[in-house]
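Structure first, commentary second.
The values are calculated or read from the model by the stated rules, or taken from the named source; none is laboratory data. Being a predicted model, the structure only gives us computed values, none of them experimental. A quick note on method: Cβ atoms are made from the backbone with ideal geometry, for glycine too, and the neighbour counts reach across all protein chains shown.
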Amino acid sequence: MSENPLSSIMGRDMAVDLGTANTLVYVRGRGIVLNEPSVVAVNVKDGRPLAVGLEAKRMIGRTPAHIQAIRPLKDGVIADFDICEKMLRYFIHRVHQRRFAKPRLVICVPSGITGVEQRAVQEAAEYAGARKPAYIIESPWPRPSGPACRCRSPPAT
Amino acid sequence: MAAAIGAGLPVQEPTGNMIVDIGGGTSEVAVISLGGIVASQSVRVGGDELDDAIVQFIKKEYSLALGERTAEEVKIALGSAWPLEEELHAEIRGRDLVTGLPKTIVTTTEEIREAIEEPVASIVDAVKVTLDKTPPELAADIMEQGIVLAGGGALLHGLSHRLEHETGMPIVLAPNPLHCVAIGSGQALEEFEALKGVLFSSNPQA
């Protein structure tokens, strides 16, 4: 499938590398169009984001009481769902600029994360304006190790 | 997986490829053959952990409180996993925990290397554990082609020397370590219809 005439209305397909440190967005046919730190600065009074990405990163450790610079991802998984969704929404809109675009989204997650954590990424993407379902690239094989398994095994940790 | 595609590895071929992706929060090691993962290991140690180790070390040695951003800058400038040809030093600024006043100290690459030794060692261990789980045929392939490093952590000075020394395998740095994963997922997107069944799991099972 090359250029679908609907794609300009529906929004182009995008791939997102939602990283702990940086988020990268790849648009089909255009390559990497966005590379920004995964940081959101929010106004705690009304919960609205003030800055996202590089601008927000400069605010880390330099904020007054009413502003919080948050890194919504920790250890490769979502630590703050709402903020993460806001960040994704902002990035999707920056790439698309069309308000009603619902792009098909492929999103990358670390292979060691649990099903619940993966589900959170998927839902964050869908709430942020991705066409359902948001696709997750992950490695489909059973994981014998990882925090989820360790706490179920008898030895104390 | 996406990192391996992005690094340009022949993932669909019946040969072993090993990719080490060191990200901000996690490091992943995987051996890939025929489009699937054969052996893998994921540890929750990444760039953030290194920053944190630097903060703790400076606090302990100099009683100096460092910011997250400063620690990251120190890591990028001075962080290393193997002795450098020319050891560097730099001034860093923070808040003295004893007097409570701002203070500047001079630190060296040796010190920072010592500070981040533990997280670096756990990344190296993850690579070793994965190699241990790799079937012999594939291990031989990897021996020939080398281990590919990707992700921001791959830019840590001397990491390839360290891994080479510890595993005895040749190490290759991916051409665009920071962009590998995005390029890889992008390529999966370009061939969406073909790869749909293989790559994506839209219904994760817990």
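Here are the numbers for this structure:
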read-out	value
Single unsatisfied condition, A:Phe100 versus (1) at the interface with chain B (Cβ under 10 Å from one of its Cβ atoms); (2) modelled with pLDDT under 90	(1)
Strands (runs of 3 or more DSSP E) fully within the range B:6-84 counting 1 or more residues that are touching a residue at least 60 places away in the same chain (Cβ under 8 Å) and more than 10 Å from chain A (Cβ to nearest Cβ)	B:17-22, B:27-33
Matching residues, the range A:111-130, being farther than 18 Å from A:His93 by Cα and of a type in the set (Asp, Glu)	A:Glu117
Which listed residue is more than 9 Å from every other protein chain (Cβ to nearest Cβ) and of a type in the set (Gly, Ala, Ser), from A:Ala125, A:Ala15, A:Ala21	A:Ala125
Which numbered condition A:Glu117 misses (of (1) more than 13 Å from chain B (Cβ to nearest Cβ); (2) among the acidic types (Asp, Glu); (3) within 14 Å of the chain's Cα centre (by Cα))	(1)
Residue in the range B:87-108 that is among the small types (Gly, Ala, Ser) and either in a strand (DSSP E or B) or within 20 Å of B:Glu164 (Cα to Cα) (or both) present	yes
Test: residue in the range A:75-85 that is crowded, with 16+ Cβ neighbours inside 10 Å, more than 23 Å from A:Glu126 (Cβ to Cβ) and within 12 Å of chain B (Cβ to nearest Cβ)	no
Filtered residue count, the range B:156-189, keeping only those that are free of Cβ contacts under 8 Å to residues at least 24 places away in the same chain and surrounded by fewer than 18 Cβ atoms within 10 Å (Cβ to Cβ)	2
Residues (within 17 Å of B:Glu190 (Cβ to Cβ) and within 8 Å of chain B (Cβ to nearest Cβ)) located in the range A:30-40	A:Gly31, A:Ile32
Matching option when the condition is more than 15 Å from the chain's Cα centre (by Cα) and closer than 22 Å to B:Val172 by Cα, among B:Gly8, B:Gly46, B:Gly67, B:Gly23	B:Gly8
Subset of the range A:58-74 that is among the charged types (D, E, K, R) and in contact with a Ser or Thr (Cβ under 9 Å, 6 or more places away or on another chain) - its residue that is farthest from the other protein chains (Cβ to nearest Cβ)	A:Arg71
Any chance A:Val106 is surrounded by fewer than 16 Cβ atoms within 10 Å (Cβ to Cβ) and facing another protein chain (nearest Cβ under 8 Å)	no
Residue check, A:Gly112 surrounded by 17 or more Cβ atoms within 10 Å (Cβ to Cβ), more than 16 Å from the chain's Cα centre (by Cα), closer than 24 Å to B:Asp51 by Cβ and at pLDDT below 90	yes
Boolean, B:Ile76 is in contact with an Asp or Glu (Cβ under 8 Å, 6 or more places away or on another chain), among the hydrophobic types (A, V, I, L, M, F, W, C) and surrounded by fewer than 20 Cβ atoms within 10 Å (Cβ to Cβ)	no
Residue that is in contact with a Cys (Cβ under 9 Å, 6 or more places away or on another chain) and under 30 Å from B:Ile183 (Cβ atoms), where the choices are B:Gly158, B:Gly151, B:Gly146	B:Gly151
Residue check, B:Gly152 at positive phi, buried (at least 16 other Cβ atoms within 10 Å of the Cβ) and either touching a residue at least 12 places away in the same chain (Cβ under 8 Å) or of a type in the set (A, V, I, L, M, F, W, C) (or both)	no
Selected residue (only one of B:Ala53, B:Ala7, B:Ala39, B:Ala30 is touching an Asp or Glu at 6+ places or on another chain (Cβ under 7 Å) and not β-branched (Val, Ile, Thr))	B:Ala53
